[in-house]
1. Figure the gain on full extension for Glu453 and Tyr20 (residue separation times 0.36 nm, minus the Cα-Cα span) and round it to one decimal in nm.
2. Semi-axes, largest first, in whole Å: what does sqrt of 5 times each Cα gyration tensor eigenvalue give for segment 106-157?
3. Sequence neighbours fewer than 8 away in the same chain don't count; with that in mind, list the aspartates and glutamates whose C-alpha is under 15 Å from Lys298.
4. Rounded, prolate or oblate: which one fits segment 71-134, using the alpha carbon gyration tensor with axes a ≥ b ≥ c (rounded when a/c is under 1.5, else prolate when a/b beats b/c, else oblate)?
5. Between Thr57 and residues 5 or more places away or on another chain, which pairs have amide H atoms under 5 Å apart, with H built 1.01 Å from N, and which residues are they?
6. Could you list which residues have their amide H under 5 Å from that of Glu67, counting only those 5 or more apart in sequence or on another chain, with H placed in the peptide plane?
7. With charges only on Cβ, +1 for K and R and -1 for D and E, what is the dipole size of the chain about its Cα centre, in debye, rounded to 20?
8. Report, largest value first, the span of the C-alpha coordinates of segment 252-348 along each principal axis, in whole Å.
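The values are calculated or read from the model by the stated rules, or taken from the named source; none is laboratory data. These numbers were taken from a predicted model, which means no experiment stands behind them. Here Cβ is always computed from backbone atoms with ideal geometry, including for glycine, and neighbour counts include all displayed protein chains. The accessibility values were calculated without ligands, DNA or RNA, using every heavy atom of the protein model including side chains. Shrake-Rupley method; radii C 1.70, N 1.55, O 1.52, S 1.80 Å.
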Amino acid sequence: MTKAAMTSSLAPARGWREPYGGRAVHIEAGAEFQATTAQACGLFPFVAGSGSPAIGTPIGRHQLFGEVVCLDPLAWLRAGLVTNPGVFVLGQPGTGKSTLVKRLITGAIAFGSTALILGDTKPDYTMLVEHVGGQVIRVGRGLDRINPLDAGPLGHAVRNLSGAEAERMRWELRGRRLSLLMALCTLVREAPISNAEEVILGRAIDLLDDHLTGTATAPTVPDVLAVLEEGPEALRSAARTNNPERYHERVGDLVFTLELLCSGSLAGVFDGPTTRTIDLSAPAVSVDISRVGAAGDKLLTAAMLCTWAYGFAMVDGTAGEGRSYLGVMDELWRALRGAPGLVEYADSLTRLNRAKGMASIMITHSLADLEALPTEEDRAKARGFIERSAITVLAGLPPRELARVSEIARLTGPEQELVASWSAPDSWQPGARHPGRGKYLIKTGDRLGIPVELALVGVEHELYDTDQAIRRSVQ
């Protein structure tokens, strides 16, 4: 072919088969670049965005468009993408719920927030927290101990206040201590305490607070028990009797309930001063209650309730300082099913997180766990957890479970089919990867969900691995 013909003809895809014909045996794929539509709109006429948020911690790539998807409840709240910083994570065991949460924890720390793992039951988060230089508190008999009535910096703040503000703070402290004691008593009895017992318990807390005013000492459960057994005039007045014998009859059940907290199955964990306070200057704090779990569900539930109360009290004590927190509440269902009424206590703790500069992540396996709660009132309040969470993250779930979820957070048909396709392996081949591992659907309100796939990098393969103990046991 002449040079004239070459210049007048359209070149083949790989160039002409002649010297200097521009022949290319192999054509490499073009370089891929990512930019916002505002930056790249003039470079190529077919630029289009999928709408995935680029604010927060990168958690993976969009399964349809391949672009990076970011998630951070506090960052999304500040940007106006959501109305509250609550995240509810739902998925079958083994689909990677903890892995996603660990990525969010890592990102939150990098952006300056303090991560609080309030009750690590396995433990899943200890290795990560230690890796980032955080604090690990191990609760259990012979280990660290938590005083349920310890308000942390909130108690210290009261001593530095005066006037109406100090009075308001004292009432806040009183309400917190009374609510937690009532929750623990409810757990031990497996039934709520009576109105009369609540009045007497509140008066006992008042007496101890007056006695310890001006000191750095927080009352303990044994202190409350001792005051009840002593039966001073103020308590007899609260019990509406001046007869000591009649008084002891009225407080008898309450005394035995508190005695179980001190010397029964819960002994050695909540019956003394806090041994290690939460260090809010640490980048992350994990309260490891895995040793408590070996003693039974009742003790584990008590540990989770106390940990939540103590952690939230610590956060409240730093309100107004401009700090932000990411609170993780894993195995949510185990804390709620202990006894009727515990859902209300957990609800009161978490309802006002937005005002505290705190995002919360609640994790559970199935809404059926919440439906198994003892009363319809508890079940309704438990459904409120997911209703009030602006962000719902779904890992692999079966169709029946997705139908339950859709009643609370509406899912389209294709969304349900996608998440259901991640729920079960399609092969009996040993070593086959679970189809839902690392795949999530992010839902916010009525927006279409964002399907994202997380890929681990570097040291994450070790830090986020929750199956190491299983593999070590078979080696």
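1. 151.3 nm
2. Listed largest to smallest, the semi-axes of segment 106-157 are 22, 18, 8 Å.
3. Excluding near neighbours in sequence, the set is Glu190, Glu331.
4. Oblate.
5. Leu71, Asp72
6. His62
7. Dipole about the Cα centre, nearest 20: 1460 debye.
8. That gives 46, 27, 27 Å along the principal axes, largest extent first.
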